[in-house]
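For reference, the structure discussed in these notes is given below.
The values are calculated or read from the model by the stated rules, or taken from the named source; none is laboratory data. Given the structure is predicted, the values throughout are model-derived calculations rather than measurements. Cβ placement follows ideal geometry from the backbone for every residue including glycine, while neighbour counts extend to all protein chains displayed.
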Amino acid sequence: MSSLDAMDMTRGITTDTAVAPLASDESVPSGRHWLWRLARYPALTGGLVIFIVLGLLAAFGPLVWKGDTSSVNLLSSLLPPSLAHPMGTDEFGRDVLARFLIGARISLLVGLAVSGFGALIGGAIGVVAGGLDGWRQGVIMRMMDAVLAFPPLILAMSVTVALGVGIVTGSIGVLVGSVPWYARVVRSEVVRLRNTPFVEASKALGASRRRIYLHHIVPGVLPTLVIQAAAAFGYSILALAALGFVGLGAQIPTPEWGAMISDGLQYTLTGQWWIDVFPGLGLLLAATSANLIADGLRNMLDPRGVYARV
Amino acid sequence: MIRFATGKIASSLVTVLGASIIAFIVMRVLPGSPVRLIVGALASQAEVNNTQRALGLDQSVPVQYWDYISNFVRGDWGFSYSVGEPVRSLLATRFPASLELGCCAFLFAFGGAIVLAILSLTSAWVERFVRSFAFLGLGTPVFWLALILLVVFSQSLHLLPGPEGRLSLNVQPPPKITGFYTIDSLVTGRFGTLWNAIEHLILPALCLAFAPFSFLVRLLRSNLLDVTREPFMAVARSKGVSRSLVILRHGLPNAFLPTLTASALVFAELLAGSVLVETVFDWPGVGALVVQSLENKDYVVMQTFILLSAIVYVTVNLIVDLLYGAIDPRIRLARGTPP
């Protein structure tokens, strides 16, 4: 690495969570578990803890707390939180906690799916585009720019409308809007990597193009991709909830958090706050923990990198 | 500068063209049968065929695309079946409401970001608080925030009005000069109406502004930190300029410039957020119109809206890029910028 890069690394980095020295093996005394390294990143640890708790709730919650989420029981409608119903009941008498837990499953799974597939597809496009030269690269990136011309939520809404409303189509809509971000970020990484000395050396040694890509470029792109996926995870949870809120994502009676908030809108404003507050808190916790993890990963893996906002 | 500008304008046009193709694919080509959406599931096959011919949907795809584009450019944006008005006049009526809300939110976001970014330079506690607060802003669902604010400020504390729209039910809108209730009532001397309009603007604008504010305050803070480490700041201090003057006169203008480019992103956030916020607050703007027409399965509005929002977004980006190039010579003279 050139001396300029070394200077860049030692200069102060203005990221927002606590700045720690670049993670290197010397920070963990030999014999200590690598998890100890997490202690230097309190925000990341906090985010991980919240996320794991939510994940456990989503995975095992519905098995432990068996509430009826679909049938109507008007005798117990709109009950405030109590021991029997820790989050109260909604207008149909359904237990809000039970719906909350299933909503957690939906949100987390969709977030994972959208960011996972987005990273895969966007990353592939980015690697291909970064590997091409001249006008071919330009064409691909122009296509990405065209998709980026739409505010992401608006694009997601129209794709969902076009394909027919539902969670799956809503996820596809959010996915389509997020792919160009990955492509841009990965492409610039690939271009940077292609010009590094070690790739040049590999080429000089006669390595095939395939080997260079598989052994150098793709592993080099992975940290960037992971960080971008973590950032997109929080965004996709909120985006799907927004789609559910306007009636385009999950449909009745699916207990998706955004749809739950929209259902409870009229009741919240007349005093039955529990129907909306809890799903919203769930969204807040899920998205914030994802953002904390993304920030922490960025500090740990690549503090200098430039990331797309999503 | 001319060369820089033409390059930017050309690439914006290409982007808009690409966006129009995508909008066309999404809204016309993808749905199984857009005609079915219009005539309904119970219509006879003859009706479907007639409507198809009337809408030009039995033409080949390139011809359809050409019709779509030429209609759009001419201003023929279709007819909204659920509302009973041409889309163009519908959008024109509702646009000022959204614009007023957007401008107010923009002011809140930028103003709040500047104030809090400067404040966070003062003490470590303030800095940590601002940082955490802004971080929460990125993860809060905007429609939920709207509800919480309504419950707290309108229901419990009775400080601000509820989701009634732009004015209380018993207040008449001022005569239309700009379409902005605040400016119009100020100019015509209706101060009661002015106050009422402001009261109704506060909560929705705050909700809309929260996410852009969070983003901007982090950006501004990080830029300010960078700038305060620059040598010229130390020189100014050593010449005797007070700490606050140094930050205000030297630090802030330099730190502010990168946030200019961020304002394009802020604009996109405002566009998307307005769809959600207007629904909660019953605000008679374009966003609420889109949601209402979607509920009524009236997709004509959506068709126009996505293409329009793409064009406006690209235009805002272009203006910001040109402004940035005009202000900072390093931008417009950079050679070989990556595609």
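Worth a mention:
- Residue match in the range B:133-142 (condition: in contact (Cβ under 8 Å) with a residue 12 or more places away in the chain, within 23 Å of residue A:238 (Cα to Cα) and touching a Pro at 6+ places or on another chain (Cβ under 7 Å)): no
- Subset of the range A:164-193 (residues that are within 18 Å of residue A:138 (Cβ to Cβ) and either in contact with a strand residue (DSSP E or B) (Cβ under 8 Å, 6 or more places away or on another chain) or at pLDDT below 85 (or both)): none
- Here the range A:279-293 is the region considered, the condition is being crowded, with 23+ Cβ neighbours inside 10 Å and touching a residue at least 60 places away in the same chain (Cβ under 8 Å), and the residue that is nearest to the chain's Cα centre (by Cα) is A:290.
- Filter pass, residue B:227 being among the β-branched types (Val, Ile, Thr) and within 16 Å of residue B:97 (Cβ to Cβ): no
- Only listed residue being surrounded by fewer than 21 Cβ atoms within 10 Å (Cβ to Cβ), polar (S, T, N, Q) and more than 13 Å from every other protein chain (Cβ to nearest Cβ), chosen from B:193, B:178: B:178
- Selection status of residue B:155, surrounded by fewer than 18 Cβ atoms within 10 Å (Cβ to Cβ), out of contact with any Pro (no Cβ under 9 Å at 6 or more places or on another chain) and either of a type in the set (Ser, Thr, Tyr) or in a loop (DSSP other than H, G, I, E, B) (or both): no
- Any hit, the range B:249-260, residues being under 30 Å from residue B:148 (Cα atoms), within 14 Å of chain A (Cβ to nearest Cβ), over 15 Å from the mean Cα position of the chain (by Cα) and among the small types (Gly, Ala, Ser): no
- Every residue from the range B:113-133 that is touching an Asp or Glu at 6+ places or on another chain (Cβ under 8 Å) and assigned to a helix (DSSP H, G or I): B:131
- Hits in the range A:81-140 - residues which are closer than 18 Å to residue A:56 by Cα and polar (S, T, N, Q): A:107
- Residue within the range B:167-174 that is touching an Asp or Glu at 6+ places or on another chain (Cβ under 7 Å) and within 13 Å of another protein chain (Cβ to nearest Cβ) present: no
- Some residue of the range A:188-198 being crowded, with 24+ Cβ neighbours inside 10 Å, under 26 Å from residue B:316 (Cα atoms) and hydroxyl-bearing (Ser, Thr, Tyr): no
- Helices (runs of 4 or more DSSP H) (entirely within the range B:10-112) containing at least 3 residues that are at pLDDT 75 or above, away from every other protein chain (no Cβ under 13 Å) and within 18 Å of residue B:307 (Cα to Cα): B:61-74
- Checked against the criteria, residue B:94 counts as charged (D, E, K, R) and in contact with a helix residue (DSSP H, G or I) (Cβ under 7 Å, 6 or more places away or on another chain).
- The range A:228-278, residues that are buried (at least 24 other Cβ atoms within 10 Å of the Cβ), of a type in the set (Phe, Trp, Tyr) and within 7 Å of another protein chain (Cβ to nearest Cβ): A:245
- Among the residues of the range A:139-151, those that are at the interface with chain B (Cβ under 7 Å from one of its Cβ atoms) and in a helix (DSSP H, G or I) comprise A:141, A:142, A:143, A:145, A:146, A:147.
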